[in-house]
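The values are calculated or read from the model by the stated rules, or taken from the named source; none is laboratory data. Just so we're clear, the structure is a prediction, and the values are computed from it rather than from any experiment. When we count neighbours, we look across all protein chains shown, and the Cβ atoms used for this are built from the backbone with ideal geometry, even at glycine. All accessible areas refer to the heavy atoms of the entire protein, side chains included, with ligands and DNA or RNA removed. Shrake-Rupley method; radii C 1.70, N 1.55, O 1.52, S 1.80 Å.
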Amino acid sequence: MHIRNCCALPVRVFAVFAALMTMAIAPIVTSSVLAQNSSSNSSENRIEGRVTDSESGAPIPGVHVFLETARTGVITAVDGTFELATSASSDVLVARFVGYETWRKEISIDAQVRVDIALAPVDLKLGDVVVSATRERQFESDIAASIGSISGDAIREQNPSHPADILGQVSGVWVNNTSGEGHMTSIRQPLSTDPLYLFLENGVATRSTGFFNHNALYEINIPQSDGIEVMKGPGTALYGSDAIGGVINVTSGSAPASPMVDVTAEGGSYGYKRVLFSTGTTVGLNGLRLDVNATDSEGWRDNTEYARQSATLRWDRRSRSDWVVRTVASWSNIDQEPAGSASLPEDEFNRDARQNFQPISFREVSAFRVSSAFEKVGTKTLVSVTPYARFNTMDLLPNWSLTFDPAVWETQNYSVGANLKVRRDVASLRGRVVSGVDLDLSPGERIERRVDPSRTGPAFTSYTVEEKLYDYDVTYRQASPYVHLESSPTERLRVTAGLRLDVMGYDYENNLSVETEGRHRRPGDTTVSYSHLSPKFGVTYQAHPLLNVFGSYRHAFRAPSESQVFRQGGSINTVDLDPVKVDNFDAGVRGRVPGIGSYDFTGYYLVKRDDILSLVLPDGTQASSNAGETRHRGIEAGVTTRDVEGLSLRFSGSYAEHTYEEWETQNGTDFSGNEMEVAPRVLVNAAATYRVPVLSGAMITLEWSRLGSYWMDPENTAKYDGHDLLNLNVNVGITDEVTLLTRVSNLTDELFAERATHNRFRGDEFSPGLPRQVHVSLRYSFR
């Protein structure tokens, strides 16, 4: 792989990161020194104890324990312990944590006193606790948005080998499988590779806006994560460009309170092998966790080998004062063939879907991220500082362009930045104000070389590398302040409002000659800037203790990615591309039926303007332009029943229509009034789970997935009929420590397409979906 200056990170990047780290660490060092000086120069009384769950007895980390009058407090450590110094002889001790009833007790303090606290879980009548709206724990019923969540236990039971295996549980979400762990995403939008989604790990974007990757989920270790949340539609004011179709946040596993070892060895069809290893413990105030994922597969189609190695190291530090630090380092290395889904013409798809006519295609990815979240919690204030750094490289020979624009791509980018946030409770508003700023500096580069491929019949067999088509350096920069307000004018009504200003842009340097004609035009050196103001507004109303309704308006935008702006192709002008703008309206209801289960229904109306169209020109090349307006409207539904005599049911589904409203391409074609391609109206995912009272609590889950029909082209001339799939999971506890997990995908061995398209040059093309596969795992858990 060619990497220019790969070992010389620019001095300004180091300087910015050092400044961010200094800014983040200084308050902690200062508070630590002051605390030491205070303890050495004064005689103080001490309160110590442990906070546990009143039902399970498990320790609860992260609980805010404080004295009501003295206004001094601490955060409990990973093992639930706390120690609080005070000069007061009496006060009211308070323990507060979202998801539990607030605990209060008047105490007398004489030198040293021990107070153990058992918090009672709140009866979560209206949904779970989520973190995606404001990057901290909140009840879902307080949020004027549709958020779907998948728990760590559900991920562990499902044991997914691909993001598509698990994300379909969220209503209105379709993630397909392009190859290996590659994917495209559809949330309130047609399935595509467009930069419409914000992918987060622990609340930090996996990539900067400028260097979007539609395969971002394979850069995250999902099988060992602690949960997934999907905020559908544009995000709150805390999220800017990218957050149009949705925000997907994956949470890494936290450090365990006691020593833990977890090993899963898995084997499956077509040479699939995977080992998952997790270990961790807490000593004093420090908790550590290590997750390792090693996966290898020969692939079910010809020449579709795949391998990944991932590791996540997490350090949780809770001081005796009120600071909490969470540091996460993540690394992934992916090597797969081909780079995409390797579509087949219809006759070859029906004859033998195992064929791969692009075996020379490949994708090699390396991703490293590190972030440290510093949080200081006061009685009415939370301060959060999260500096981060990222490094991404990707080399690929795209299979989708071999017939009209074959080239080898070499890309890389660094990132340094910080998410800064302050939350202040305001009694006069009966609510709180959240304000902050997101900073990002990401220098990168792109090199593309023409290749001359050789073919034997329909199959590409080899290639030679020729001259450079693109060679440029580009730096993405961003500073985005925001404010988010929450207020409860009455006990039942909650109002939210937000405003975000995104100021961002690119500094671009072309290392080749300027080209103004032909198939690979190249703009000259330039600077491009964008600024955009995004308002948000929402209300929630507690109509009944078991019923909550909400409505919202959220505006969002998406700045063009670096490849859309500077990889000009045959377009007349891409430097002046406008950002995509979105207006989204939501209305929903969610609640619970005692003894039966929970439900949520959401209707949405989304209008997208200045959308960027990639058009295939008569010579086969592609061009980009702002083409017009699209409309997206639908209903999303989710129902989950309680376990009744071992049986529980889950349903998620959506009905949507996606249409071109004003859409005229630069060659004069008008798609206005047509439905958008690869946009099924119907998505369904339903499952029945039976937990057998014998066999150490064996679990059997039968899942049904339905993908409705959709148009394969914007002209609406060809249609894919859709498909139905059945999947089976059987988990059997052999002992308390050993579990056997079996997963059968595509139980009836259906022939189906992960994506079907049509164009006037190649006709109907189908990306084959996985045939029946069997995966068997043995898991050992020590806790």
Would you be able to say whether some residue in segment 34-50 is at pLDDT 80 or above and crowded, with 19+ Cβ neighbours inside 10 Å?
-> yes
Condition check for residue 241: assigned to a strand (DSSP E or B) and in contact with a helix residue (DSSP H, G or I) (Cβ under 8 Å, 6 or more places away or on another chain) = no
Go through segment 431-450 and give me each residue that's buried (at least 19 other Cβ atoms within 10 Å of the Cβ) and within 23 Å of residue 398 (Cβ to Cβ).
-> 442, 444, 445, 446, 447, 448
Here are some conditions: (1) surrounded by 17 or more Cβ atoms within 10 Å (Cβ to Cβ); (2) of a type in the set (Gly, Ala, Ser); (3) more than 23 Å from residue 193 (Cβ to Cβ). Residue 294 meets all but one. Which one does it not meet?
-> (1)
Count of segment 325-372 residues which are touching a Ser or Thr at 6+ places or on another chain (Cβ under 6 Å) and β-branched (Val, Ile, Thr) = 2
Qualifying positions in segment 312-356 - surrounded by fewer than 21 Cβ atoms within 10 Å (Cβ to Cβ), touching a residue at least 40 places away in the same chain (Cβ under 8 Å) and either among the charged types (D, E, K, R) or within 25 Å of residue 272 (Cβ to Cβ) (or both) = 320, 346, 348, 349, 353, 354, 355
Within segment 508-527, the count of residues that are under 25 Å from residue 441 (Cβ atoms), open to solvent by less than 60 Å² (accessible area, probe 1.4 Å) and either in a strand (DSSP E or B) or of a type in the set (Gly, Ala, Ser) (or both) comes to 5
Positions within segment 361-374 being open to solvent by 20 Å² or more (accessible area, probe 1.4 Å) and hydrophobic (A, V, I, L, M, F, W, C), in sequence order = 362, 368, 370
Counting only residues that are assigned to a strand (DSSP E or B) and without any contact (Cβ under 8 Å) to a residue 24 or more places away in the chain, which one in segment 440-465 is nearest to residue 561 (Cα to Cα)?
-> 464
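Residues 282, 209: which one is over 24 Å from residue 420 (Cα atoms), surrounded by 23 or more Cβ atoms within 10 Å (Cβ to Cβ) and more than 11 Å from the chain's Cα centre (by Cα)?
Details: 209 fails: over 24 Å from residue 420 (Cα atoms).
When all the criteria are applied, what remains is 282.
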Within segment 375-409, residues in a strand (DSSP E or B), hydroxyl-bearing (Ser, Thr, Tyr) and either in contact with a His (Cβ under 6 Å, 6 or more places away or on another chain) or open to solvent by less than 20 Å² (accessible area, probe 1.4 Å) (or both) come out as 384, 386, 388, 393
Residue check, residue 3 modelled with pLDDT under 75, of a type in the set (Val, Ile, Thr) and surrounded by 13 or more Cβ atoms within 10 Å (Cβ to Cβ) | yes
Just wondering, is there one or more residues in segment 236-252 that are touching a strand residue (DSSP E or B) at 6+ places or on another chain (Cβ under 7 Å), surrounded by fewer than 24 Cβ atoms within 10 Å (Cβ to Cβ) and small (Gly, Ala, Ser)?
-> yes
Among (1) open to solvent by 20 Å² or more (accessible area, probe 1.4 Å); (2) under 32 Å from the mean Cα position of the chain (by Cα), which single condition is residue 462 missing?
-> (2)
Do we have any residue at all in segment 483-503 that's without any contact (Cβ under 8 Å) to a residue 40 or more places away in the chain and surrounded by 16 or more Cβ atoms within 10 Å (Cβ to Cβ)?
-> yes
Residue ID - farthest from residue 256 (Cα to Cα), chosen from residues in segment 110-134 that are surrounded by 14 or more Cβ atoms within 10 Å (Cβ to Cβ) and at pLDDT 85 or above = 113
Positions within segment 135-180 being open to solvent by less than 20 Å² (accessible area, probe 1.4 Å) and free of Cβ contacts under 8 Å to residues at least 60 places away in the same chain, in sequence order | 138, 162, 163, 175
Expected single match for in a loop (DSSP other than H, G, I, E, B) and open to solvent by less than 40 Å² (accessible area, probe 1.4 Å) among 565, 575 is 575
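Show me the strands (runs of 3 or more DSSP E) entirely contained within segment 665-783 in which 1 or more residues are of a type in the set (D, E, K, R), under 30 Å from residue 626 (Cα atoms) and open to solvent by less than 60 Å² (accessible area, probe 1.4 Å).
Working: elements: 682-691, 699-707, 723-733, 738-745, 753-759, 763-768, 773-782.
Counting at least 1 such residues, we get 753-759, 763-768.
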Could you say whether any residue in segment 404-419 is within 30 Å of residue 459 (Cα to Cα) and aliphatic (A, V, I, L, M)?
-> yes
Evaluate the following for residue 265: is it among the small types (Gly, Ala, Ser) and crowded, with 21+ Cβ neighbours inside 10 Å?
-> no
